[in-house]
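Worksheet: the structure to be examined is printed underneath.
The values are calculated or read from the model by the stated rules, or taken from the named source; none is laboratory data. A quick note: this is a predicted structure, and the numbers were derived from the prediction, not measured. Methodologically, a virtual Cβ is constructed for each residue, glycine included, from the backbone with ideal geometry; neighbour enumeration extends over all protein chains shown.
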Amino acid sequence: MSKEITLYRPNGKGTGAKARFATETDGGLLSIELTPQKTVAQLSDGTTRSFPTFDITKKSSITLQALDLAEMLMVLRGERESIADGKGVYVIKPGETRWLQFRHVIEPTCGYILTVATSFADGIDYRNSIFLGMSEALFLSLAIEGLLKSQLTDGSGDADHRQNRFRYATKDEAFKAWGGSALDAAGQVFTWMYETE
């Protein structure tokens, strides 16, 4: 079951944005869409208020996997100031490149800046950013932790959920698979393997 939340950050200059976070997307754990502000809020006749609008045609989006979310979580926990020391996360597919940067800021207000860029082979590029306050960052942190925990277990104690699987393997299987491996206390090889169903 997909869950989503949208955060709105319009401003009086028309440079704000809205962010949509959705879980259980095809091919990933979390989808993020940033849409730039199109119009500002106005009072048309002194009593009727028109709300700001957002330009859906210029949205940028990215879908993140477990390790991408772990990078975001490291920033939220204060272990890093930005993802990959400012380089961000890239998702490259034929005909498109998507990029996400997430960084902690203290000036002019303490919080986080989330930037998502989408570039297509035909030369169309969209880059949008949104400021997240501390309460929004706390919410995002809890949501990411929940997603990562759900990937590690399906509720029965077995670590086997959707696309990311963690399992014990024999030594031979460990060397054939890509991913990290180490011996546990019982002498079994524990291998982190990425498999698709």
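When segment 45-104 is filtered for residues that are of a type outside the set (Gly, Ala, Ser) and touching a residue at least 60 places away in the same chain (Cβ under 8 Å), the ones remaining, listed by number, are Lys58, Lys59, Gln65, Leu69, Met72, Leu73, Leu76, Arg77, Leu100. Residue by residue through segment 108-138, note down the ones that are free of Cβ contacts under 8 Å to residues at least 60 places away in the same chain and of a type in the set (Phe, Trp, Tyr). Result: Tyr112, Phe120. The residue that is surrounded by the most Cβ atoms within 10 Å (Cβ to Cβ), counting only those in segment 1-53 that are aromatic (Phe, Trp, Tyr) and over 16 Å from Leu142 (Cα atoms), is Tyr8. Right, Ser135: more than 19 Å from Ser61 (Cα to Cα), modelled with pLDDT of 90 or more and hydroxyl-bearing (Ser, Thr, Tyr) or not? Yes.
Counting only residues that are acidic (Asp, Glu) and within 23 Å of Lys59 (Cα to Cα), which one in segment 100-132 is surrounded by the most Cβ atoms within 10 Å (Cβ to Cβ)?
Going through the qualifying residues, I end up with Asp125.
With the structure loaded, tell me whether Val91 is surrounded by 14 or more Cβ atoms within 10 Å (Cβ to Cβ), in the same structural domain as Leu140 (by TED's automatic domain parsing), in contact with a strand residue (DSSP E or B) (Cβ under 7 Å, 6 or more places away or on another chain) and closer than 22 Å to Ala137 by Cα or whether it fails that test. For Val91, the condition - surrounded by 14 or more Cβ atoms within 10 Å (Cβ to Cβ), in the same structural domain as Leu140 (by TED's automatic domain parsing), in contact with a strand residue (DSSP E or B) (Cβ under 7 Å, 6 or more places away or on another chain) and closer than 22 Å to Ala137 by Cα - is not met.
Of the strands (runs of 3 or more DSSP E) contained entirely in segment 13-81, those carrying at least 2 residues that are farther than 20 Å from Thr97 by Cβ, touching a strand residue (DSSP E or B) at 6+ places or on another chain (Cβ under 8 Å) and in the same structural domain as Glu145 (by TED's automatic domain parsing) fall at 17-23, 30-39.
Touching a Pro at 6+ places or on another chain (Cβ under 6 Å) and hydroxyl-bearing (Ser, Thr, Tyr): which single residue out of Thr39, Thr47, Thr15, Thr53 fits that description?
Thr39
Give the residue that is surrounded by the most Cβ atoms within 10 Å (Cβ to Cβ), with candidates limited to residues of segment 74-88 that are within 14 Å of Ile113 (Cα to Cα) and among the aliphatic types (A, V, I, L, M). If we take residues in segment 74-88 being within 14 Å of Ile113 (Cα to Cα) and among the aliphatic types (A, V, I, L, M), then Val75 is surrounded by the most Cβ atoms within 10 Å (Cβ to Cβ).
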